[in-house]
Amino acid sequence: MKGLSEARLRTVLATAIVVLTAGPVGTAVVLGVAYGESPCILCWAQRTSMALMALTGLFVLRFGPRPRYLGTLVLLGLWGIWMSLRHWSLHMARDVGQGFAAAYFGAHTYVWAGVVHFVVLAVLGKLLLVLREDSVESGVRPFGVVGGFAVGLFMLVVGANALQAFITTGPPPFMGQADPLRFSWNPSRWVWLADDELGGAITLRGSWNIPEPDPAFVEAPADPGAGPLAAVPTLSLSRWDSVAAPLPGRLTDLAFDPAGDRFLAVTDDHGVVVLGSGLATIRHEMRLDPHFSVELTPLAGAAFVGDTLVAMATNKSYALLRADPDADEDHEWRHFVETSGGVAEVGRSRLSTLRARQMYISSVAYDPDADEIVTVSVPSPHHPRMVISRFARSDLQLSSEFEVHVDAPLALAGPDRSAAEFVVTGAVVAEGTLYAVSAAYSTILAVDLTARRLVAAWAVPGLEQPVGLALKGDDWLVAQADGRVAVVSRPGRSPAPPP
């Protein structure tokens, strides 16, 4: 390949700087002034990196292709691609035709920003490949005609961007907006916003930095009287049982199957155990591979769906298991780290939600009347609410979901209280009602799935770390993290006699 002289390289580079400055950086200003398209804070990050790349190119024109300048171009290109991907990822999962602001040639500007940075890196790599090493001279060079035009254009475009940034963003401590308004020259229409996240922890994940739920570290007090509901009746524990069989890890949920007279227990070490009715004998035991195909965070939900066992992780990923005496141990090796045999994995995937999208869960239940799987979200600092999501058993797609609110005869203890203060760690559905146990305030909740309201609640003093809720006959079985099981008689029913 014939090398390219430095003189010709400077002309090509100056032309590339003109195209970069007048193209995406300059056109963005025109779009703002002519069509009112103001950039968000991520758009500004991408536009700034493109302007800095043009500035670095001017340094190369003036002082030659020194390693420090070329390295800066590479770093700016990588930064711009990263910011474009970060921006793109916020919208790429939307429905068909949806996005942020207007689309040009079928793609939005945040997509084009990534393309521009990629092209700059590709052009830089090409120029370095064809540059003749013996033609590189040291010292200061004149810009030349094209280079001088590039300098003037750069100053004009960057100045226009600075003016637009002041109008749409404002001076420090104001920062860019997530959803900017239309551009306007009228100062009465300018909106300057400060960043509410400055007081919190700095994280690259932003609003996706959601703490994973752990009932052992629930910050709310266990005292039911301090809960968000007023005048909650109290239920007493009938007795204590326990899971006598050894479990692979800490218990995180417990479900009961009256048809098979058996229990299903899951643990934080991805253990799944089928127990006999006395909680002392193990019928099947396995430990899921949490990284095969679909990542499973710690398991927090267990449910029987017909002859299928559902093991649900806190990130709403799940594994479907089924008893199979002919299960091939070699085939199941990809699913299980350990297994006692006799069980096959028949499916593994993820539940997708809308209102609970940025929220973890700590429970799962099955509604036999509606033939749906039900989850309850765990409130987080970013999303302080309780959301119930329902998924059709046929395809495990979202059927409906709603935020839980308090309804009569219940009442909140104060105007600043809400049902989102409860942290549901176990749930079961019976007769159209979702019963849930909250690790915060040691309370059992009743949600009418038809009315979509919290209609009853009972305080249960004595619970320490409730992680699961099962229904056996007329008794609620509240599983504790240490393997103990509190037996509580459902209101209006006679306590079951001790075994």
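The values are calculated or read from the model by the stated rules, or taken from the named source; none is laboratory data. All values reported here derive from a predicted model rather than from experimental measurement. Note: ideal-geometry Cβ built from the backbone for every residue, glycine included; neighbour counts use all protein chains shown.
Keeping to the range 164-195, report how many residues are in a helix (DSSP H, G or I) and over 24 Å from PHE59 (Cβ atoms). So that I can check it myself, show each step before the final result.
So the first thing to find is which residues in the range 164-195 are in a helix (DSSP H, G or I), and the list is 164-168, 187-189.
Restricting the remaining residues to those that are over 24 Å from PHE59 (Cβ atoms) gives 164, 166-168, 187-189.
Summing the residues that are in a helix (DSSP H, G or I) and over 24 Å from PHE59 (Cβ atoms) in the range 164-195 gives 7.
Under the condition of being of a type in the set (A, V, I, L, M) and free of Cβ contacts under 8 Å to residues at least 60 places away in the same chain, which residue from the range 344-394 is surrounded by the most Cβ atoms within 10 Å (Cβ to Cβ)? Please lay out each step first, then the result.
As a first pass, look at the range 344-394 and keep what is of a type in the set (A, V, I, L, M): 344, 346, 351, 354, 356, 359, 361, 364-365, 370, 373-374, 376, 378, 386-388, 392.
From what is left, the residues that are free of Cβ contacts under 8 Å to residues at least 60 places away in the same chain are 344, 346, 351, 354, 356, 386-387, 392.
On the way: ALA344: 20, VAL346: 13, LEU351: 20, LEU354: 9, ALA356: 24, MET386: 27, VAL387: 22, ALA392: 14.
Filtering the range 344-394 for residues that are of a type in the set (A, V, I, L, M) and free of Cβ contacts under 8 Å to residues at least 60 places away in the same chain, the one surrounded by the most Cβ atoms within 10 Å (Cβ to Cβ) comes out as MET386.
Considering only residues of the range 137-155 that are touching a residue at least 12 places away in the same chain (Cβ under 8 Å) and among the aliphatic types (A, V, I, L, M), which is farthest from ARG47 (Cα to Cα)? Walk me through it before giving the result.
Within the range 137-155, the subset touching a residue at least 12 places away in the same chain (Cβ under 8 Å) is 137-141, 143-144, 146-147, 149-151, 153-154.
Still in the running and among the aliphatic types (A, V, I, L, M): 140, 146, 150-151, 153.
Values: VAL140: 28, VAL146: 23, ALA150: 17, VAL151: 18, LEU153: 16 Å.
Only one residue fits best here, namely VAL140.
Out of GLY227, GLY260, I need the residue that is of a type outside the set (Lys, Arg), on the phi < 0 side of the Ramachandran plot, modelled with pLDDT of 80 or more and surrounded by 21 or more Cβ atoms within 10 Å (Cβ to Cβ). Which one?
Within the list GLY227, GLY260, the selection yields GLY227.
Regarding PRO466, is this residue outside the structural domain of ASP369 (by TED's automatic domain parsing) and either modelled with pLDDT of 95 or more or of a type outside the set (D, E, K, R) (or both)?
Values: outside the structural domain of ASP369 (by TED's automatic domain parsing): no; either modelled with pLDDT of 95 or more or of a type outside the set (D, E, K, R) (or both): yes.
Considered against the rule, which asks whether it is outside the structural domain of ASP369 (by TED's automatic domain parsing) and either modelled with pLDDT of 95 or more or of a type outside the set (D, E, K, R) (or both), PRO466 comes out as no.
Tell me, which helices (runs of 4 or more DSSP H) lie completely within the range 1-88 with 2 or more residues that are in contact with a Phe, Trp or Tyr (Cβ under 8 Å, 6 or more places away or on another chain) and free of Cβ contacts under 8 Å to residues at least 60 places away in the same chain?
On the way: elements: 6-20, 26-35, 41-63.
In the range 1-88, the matching helices (runs of 4 or more DSSP H) lie at 41-63.
Out of LEU309, LEU320, LEU299, I need the residue that is touching a Ser or Thr at 6+ places or on another chain (Cβ under 7 Å), buried (at least 21 other Cβ atoms within 10 Å of the Cβ) and assigned by TED's automatic domain parsing to the domain that holds PHE391. Which one? Steps first, answer last, please.
On the way: LEU309 fails: touching a Ser or Thr at 6+ places or on another chain (Cβ under 7 Å); LEU320 fails: buried (at least 21 other Cβ atoms within 10 Å of the Cβ).
Within the list LEU309, LEU320, LEU299, the selection yields LEU299.
Regarding the range 34-41, can at least one residue be identified that is under 36 Å from the mean Cα position of the chain (by Cα), surrounded by fewer than 18 Cβ atoms within 10 Å (Cβ to Cβ) and at pLDDT 85 or above?
Checking the range 34-41: not a single residue is under 36 Å from the mean Cα position of the chain (by Cα), surrounded by fewer than 18 Cβ atoms within 10 Å (Cβ to Cβ) and at pLDDT 85 or above.
For the range 330-340, state whether one or more residues are at pLDDT 95 or above and not in a loop (DSSP other than H, G, I, E, B).
The first filter runs over the range 330-340 and keeps only residues at pLDDT 95 or above, leaving none.
The answer is no, given that none of the residues of the range 330-340 is at pLDDT 95 or above and not in a loop (DSSP other than H, G, I, E, B).
Looking only at residues in the range 221-259 that are outside any strand (DSSP E or B) and of a type in the set (D, E, K, R), which one is nearest to PRO368 (Cα to Cα)?
Restricting attention to the range 221-259, the residues satisfying the condition of being outside any strand (DSSP E or B) are 221-228, 230-233, 235-238, 243-250, 258-259.
If we keep only those that are of a type in the set (D, E, K, R) as well, we get 223, 250.
On the way: ASP223: 33, ARG250: 28 Å.
Looking at residues that are outside any strand (DSSP E or B) and of a type in the set (D, E, K, R), I get ARG250.
What are the pairs with Cβ atoms under 6 angstrom where one residue, in the range 160-178, is in the same structural domain as SER38 (by TED's automatic domain parsing) and the other, located anywhere, is among the aromatic types (Phe, Trp, Tyr) and surrounded by 19 or more Cβ atoms within 10 Å (Cβ to Cβ)? Sequence gap at least six, or different chains.
GLY176/TRP44
When the residues of the range 91-128 are filtered to those that are part of a loop (DSSP other than H, G, I, E, B) and touching a residue at least 24 places away in the same chain (Cβ under 8 Å), which remaining residue is nearest to the chain's Cα centre (by Cα)?
Within the range 91-128, the subset part of a loop (DSSP other than H, G, I, E, B) is 91-102, 105-106.
Now drop any that are not touching a residue at least 24 places away in the same chain (Cβ under 8 Å), which leaves 100-102.
Values: PHE100: 19, ALA101: 23, ALA102: 26 Å.
Step by step, filter the range 91-128, then rank; the result is PHE100.
Would you check if there is a residue in the range 291-304 being aliphatic (A, V, I, L, M), modelled with pLDDT under 95, closer than 22 Å to LEU477 by Cα and not in a strand (DSSP E or B)?
no
Among the residues in the range 419-426, are any touching a His at 6+ places or on another chain (Cβ under 8 Å), in contact (Cβ under 8 Å) with a residue 60 or more places away in the chain and not in a strand (DSSP E or B)? I'd like the intermediate steps shown before the answer.
Of all residues in the range 419-426, those touching a His at 6+ places or on another chain (Cβ under 8 Å) come to 419.
Narrowing further to those that are in contact (Cβ under 8 Å) with a residue 60 or more places away in the chain: 419.
Narrowing the set further to residues that are not in a strand (DSSP E or B) leaves 419.
Yes, because at least one residue in the range 419-426 is touching a His at 6+ places or on another chain (Cβ under 8 Å), in contact (Cβ under 8 Å) with a residue 60 or more places away in the chain and not in a strand (DSSP E or B).
Mind telling me which of the residues ALA440, ALA420 ends up being in contact with a Pro (Cβ under 6 Å, 6 or more places away or on another chain) and either more than 30 Å from ASP307 (Cβ to Cβ) or among the basic types (Lys, Arg) (or both)?
On the way: ALA440 fails: in contact with a Pro (Cβ under 6 Å, 6 or more places away or on another chain).
The match here is ALA420.
Report the residue count in the range 63-93 for those that are under 12 Å from ALA113 (Cα atoms) and among the hydroxyl-bearing types (Ser, Thr, Tyr).
Going through the range 63-93 one residue at a time, the tally reaches 1.
Determine which member of the set ARG417, ARG385, ARG350 is modelled with pLDDT under 95, under 23 Å from the mean Cα position of the chain (by Cα), farther than 18 Å from ALA302 by Cα and basic (Lys, Arg).
Just a single option satisfies the conditions, and that option is ARG385.
How many residues does the range 404-424 contain that are among the aliphatic types (A, V, I, L, M) and closer than 17 Å to VAL378 by Cβ? Talk me through it step by step, then tell me what you get.
Taking the range 404-424 first, the residues among the aliphatic types (A, V, I, L, M) are 404, 406, 408, 410-413, 419-420, 423-424.
Filter once more, so that each one left must be closer than 17 Å to VAL378 by Cβ: 404, 419-420, 423-424.
Looking only at that region, the number is 5.
If we scan the range 80-102, do we find a residue that is in the same structural domain as VAL140 (by TED's automatic domain parsing), within 26 Å of LEU156 (Cα to Cα) and modelled with pLDDT under 85?
Within the range 80-102, one or more residues are in the same structural domain as VAL140 (by TED's automatic domain parsing), within 26 Å of LEU156 (Cα to Cα) and modelled with pLDDT under 85.
Taking the condition closer than 19 Å to GLN465 by Cα and either modelled with pLDDT under 70 or surrounded by 14 or more Cβ atoms within 10 Å (Cβ to Cβ) (or both), does PRO213 pass?
Working: closer than 19 Å to GLN465 by Cα: yes; either modelled with pLDDT under 70 or surrounded by 14 or more Cβ atoms within 10 Å (Cβ to Cβ) (or both): yes.
It is true that PRO213 is closer than 19 Å to GLN465 by Cα and either modelled with pLDDT under 70 or surrounded by 14 or more Cβ atoms within 10 Å (Cβ to Cβ) (or both).
Is the range 372-380 home to any residue that is over 15 Å from the mean Cα position of the chain (by Cα) and either over 30 Å from PRO224 (Cα atoms) or modelled with pLDDT under 95 (or both)? Walk me through it before giving the result.
As a first pass, look at the range 372-380 and keep what is over 15 Å from the mean Cα position of the chain (by Cα): 372-376.
Subset that is either over 30 Å from PRO224 (Cα atoms) or modelled with pLDDT under 95 (or both): 372.
So far as the range 372-380 goes, yes, one or more of its residues are over 15 Å from the mean Cα position of the chain (by Cα) and either over 30 Å from PRO224 (Cα atoms) or modelled with pLDDT under 95 (or both).
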